[in-house]
Amino acid sequence: MPRIAVIMSTTRAGRFADIPAAWISDLALARGDMEVELIDLRDYPMPFFDEPASNAWVPSSSNIARTWQGRVASFDGYVFVTAEYNRGVPAVLKNALDYAYPEWNRKPCACVGYGSVGGARAIEQLRLNCIELQMAPTRSGVHIQGRDFFDALREGKPLSDIPYIAENAVTMLDELLWWTLALKDARTTRSGT
């Protein structure tokens, strides 16, 4: 089965990320057609990118960055669970993306966003970053937004009580699985292994 990482893209104290990350992980695991692992960027406290070049050209000097790169390489696809900070992705996520390059290449990703507009602007930027990393973002995503987001954040409303996001999640995970299998097959075929 393909291995999928669900990456929590913020490290703030009191973050909301744990709730949608656990929710999408549980939905993905319940399918039975992929292995899913929750990855917390708090466990990879990398310095802000300060290397001579991308690790595509020069090995990283940071031990934690090299550990992160190995972790990224071990997965076949990714789900990014992201907040939106000032119309963009959290800096810690951008930093994590920048610290790896070949490890992301030719793999798919999907996005779960949350906030007043469902993280839509952050996800738009994230998809562009992922394309530059030679990733294949899914068309469909999940946007936890507006009153539903604030009810979940402030009142503890379960995400399972928001029907439209579950429907979007099914479509997104279907697309992610298709791209994961297609690209995994292509990587295997092209590398001769």
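Taking 68, 178, 57, 23 and ordering them by how much accessible surface each has at a 1.4 Å probe, largest first, produces 57, 178, 23, 68. Taking all Cα pairs closer than 8 Å and separated by 6 or more residues, the relative contact order of the stretch 56-132 comes to 38 percent. Summing charges over neighbours of residue 26, with a neighbour being any other residue whose Cβ is under 13 Å away from its Cβ, gives -1 when K and R count +1 and D and E count -1.
On the protein heavy atoms, probe 1.4 angstrom, tell me the percent of accessible surface of the chain carried by carbon and sulfur.
Of the solvent-accessible surface of the chain, carbon and sulfur hold 54 percent.
Its relative contact order, with pairs defined as Cα atoms under 8 Å and 6+ residues apart, puts the stretch 1-150 at 24 percent. Once you reduce the stretch 9-43 and the stretch 114-134 to the center of their Cα atoms, the two points are 17 Å from each other. Scanning residues 5 or more positions from residue 36 or on other chains, those with amide H under 5 Å from its amide H are 4, with H placed 1.01 Å from N in the peptide plane. For the pair residue 33 and residue 185, label points projected 7 Å from Cα toward Cβ lie 1.3 nm apart. Counting only protein heavy atoms and a 1.4 Å probe, the chain has 49 square angstrom of accessible area per residue.
Counting only Cα atoms, the stretch 22-106 measures 43, 31, 23 Å along its principal axes, largest extent leading. Net charge of the neighbourhood of residue 62, taken over other residues with C-beta under 14 Å away and scored Lys/Arg +1, Asp/Glu -1, is -1. Cross-link partners for residue 157 among the lysines, with Cα-Cα distance under 30 Å and sequence neighbours closer than 8 places in the same chain left out: 94. Cross-link partners of residue 184 among lysines, defined as those whose alpha carbon lies under 17 angstrom from its own and excluding same-chain residues fewer than eight positions apart: 107.
Report the local net charge at residue 12: Lys and Arg +1, Asp and Glu -1, summed over other residues whose C-beta lies under 14 Å from its C-beta.
On the way: positive: 15, 42; negative: 18, 40, 84.
With Lys, Arg at +1 and Asp, Glu at -1, the neighbours total -1.
The values are calculated or read from the model by the stated rules, or taken from the named source; none is laboratory data. It should be emphasised that the depicted structure is a prediction, and the values quoted were computed from it without experimental measurement. Backbone-built Cβ (ideal geometry, glycine too); neighbour counts: all protein chains shown. Accessible surface areas use protein heavy atoms only, side chains included; no ligands, DNA or RNA. Shrake-Rupley method; radii C 1.70, N 1.55, O 1.52, S 1.80 Å.
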